[in-house]
1. How about segment 205-236: which of its residues are part of a strand (DSSP E or B) and among the polar types (S, T, N, Q)?
2. Would you mind finding the one in T257, T195, T270 that is of a type in the set (V, I, T) and touching a residue at least 60 places away in the same chain (Cβ under 8 Å)?
3. Check E197, E228 and return the single one that is out of contact with any Cys (no Cβ under 9 Å at 6 or more places or on another chain), farther than 16 Å from E263 by Cα and not assigned by TED's automatic domain parsing to the domain that holds L127.
4. Name the residues in segment 319-350 that are surrounded by fewer than 16 Cβ atoms within 10 Å (Cβ to Cβ) and either at pLDDT 95 or above or within 13 Å of K285 (Cβ to Cβ) (or both), would you?
5. So K25 passes all but one of these: (1) closer than 16 Å to T298 by Cα; (2) outside any strand (DSSP E or B). Which condition number does it fail?
6. Run down F91, F52, F114, F132 and say which single residue is farther than 22 Å from I148 by Cα, in contact with a Phe, Trp or Tyr (Cβ under 6 Å, 6 or more places away or on another chain), outside the structural domain of N204 (by TED's automatic domain parsing) and surrounded by fewer than 20 Cβ atoms within 10 Å (Cβ to Cβ).
7. So, in segment 131-172, of the ones that are closer than 26 Å to I233 by Cβ and either acidic (D, E) or under 15 Å from the mean Cα position of the chain (by Cα) (or both), which residue ends up modelled with the lowest pLDDT?
8. Check every one of the strands (runs of 3 or more DSSP E) wholly within segment 74-162 and list those with 3 or more residues that are under 19 Å from P214 (Cβ atoms) and in contact (Cβ under 8 Å) with a residue 12 or more places away in the chain.
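The values are calculated or read from the model by the stated rules, or taken from the named source; none is laboratory data. A quick note: this is a predicted structure, and the numbers were derived from the prediction, not measured. Here Cβ is always computed from backbone atoms with ideal geometry, including for glycine, and neighbour counts include all displayed protein chains.
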Amino acid sequence: MNQDIYKSDYDYEIPEKLIARYPPKNRTDSKLLLCKDQNFSIKNFSSISNFFKKDDLIVFNETKVFKARLRLQKESGGQTEIFINRILSKFEAECLTKGLNLKKKSQVLKTDTFPLKISIVKEKDGLVLIKFSQNVKHLCSTYGKVPIPPYLKRDDDEFDNVRYQSVFANDVLKESAAAPTASLHFDNDLYEKITNEFSTCKINLAVGLGTFKPLSNDAINNSSKLHEENFFISDESAKKINSQLKDNKRIIAIGTTTLRALESSWNNETNSVSPGKQTTTIFIKEGFKFNVVNALLTNFHLPQSSLLMLVCAFAGKELIFSTYEFAIKNNLRFFSYGDAMIIERCPLNY
C-alpha cells in the first residue's frame, strides 16, 4: 500500500435499533448473509453447511474468554474498573483502566469482600502494566465479570457466562479478553454436524483488545501495527492446513481471529503455515497479500475499526460497504451478538 489511509475512510451510520444488545434465543436463530459479486441473499445460520464444499477445510478458534473485567472501589470511595487485556505472569497483567489514578504508583482497592493491593509498573500505548497482590487468574475467576463489549450499554448477565463463549471453547485455554464472535452462532448440534461432514481443525488465538480498541486519528500505513496477541497452531492442524494449500483447496476461517492467526503464521520461505506458539501485531488493511484463507465467516463490525479494514482488505471495500448497506436495509443485527456473513477473498488478493 503506497497511500496512507485513515479510519474516517471506513465510517458508516448504524441505526441504534440494529445493535444486538442481547444474543438471540438460540445460537442458530441468527441470520447468515451470503455475498458474492454484489449478489446478496439472507439465509438462516443453521443452513451454513450448504455453503461448504466437501473438500473444504474449516478452521475454528477454540480460545475461551476469561472474566477479564474487575470492578473495584478506590480508597476515596469512588469506583474504578480494571480490564485485564493479557495475563503476563502469576501476579502481573497488561490492563486497560477506567477512573484509576495512574500517578499513584501503589494503592489499595476494594472488592466486595477483600482489599487488593496494586502497583502501577508502567504505561505504554494506553495499556498499563499492573502488579497485583493476588494471583491474577484466581482473581478473575472468583471476582471478575464477563467482558461483554461496552457498546452493549448494559451490565453482564448470567446468560453471558454461556452465550459470550463458543460451544467448542477449550476449557484449558482461558486466555481471551473478548470472544471470537463468529463462533457464537454454532450450537452443539450444528458444530457436530459440520465436524462429521467436513474436514475441520482448530487453532487458538487469545483475543486481546488491540483488535477492538478504537483507532487513533493518525494515518495508517505499512508501519502501523496492532497490540500483540498470542496464538498457537498445533502440528496436526498445521499439517492439515498445509496439505490443503498444497492441493489448492479452500480454507475457510471461522472469524477474523482465525484469519489473523493463519495469515500471521505464513512463512514466505517455505510457502506454508508454521506450527507452534507465536505472536502477532499484524494490521491487515488495504494492500495486504492473503496467502492462506479463501473464505471468511464473520460478524458485522464497528465503524472505523481495524476489523472493518480487515474484511475490506479481504473481500474488497466496495463489496463490503454494499454488503453493509444491504444488511442495514434488511434489518440484520450488528456486532458481537448480531448476525453473520460469509465473504470470499477478492480475486485481486490471489
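1. Once the filter is applied, which keeps residues that are part of a strand (DSSP E or B) and among the polar types (S, T, N, Q), segment 205-236 yields only N230.
2. That would be T257, the only listed residue that is of a type in the set (V, I, T) and touching a residue at least 60 places away in the same chain (Cβ under 8 Å).
3. The conditions single out E197.
4. F321, S322, E325, K329, N330, N331
5. (1)
6. Result of the check over F91, F52, F114, F132: F91.
7. If we take residues in segment 131-172 being closer than 26 Å to I233 by Cβ and either acidic (D, E) or under 15 Å from the mean Cα position of the chain (by Cα) (or both), then D171 is modelled with the lowest pLDDT.
8. Of the strands (runs of 3 or more DSSP E) lying wholly inside segment 74-162, those with at least 3 residues that are under 19 Å from P214 (Cβ atoms) and in contact (Cβ under 8 Å) with a residue 12 or more places away in the chain span 79-87, 92-98.
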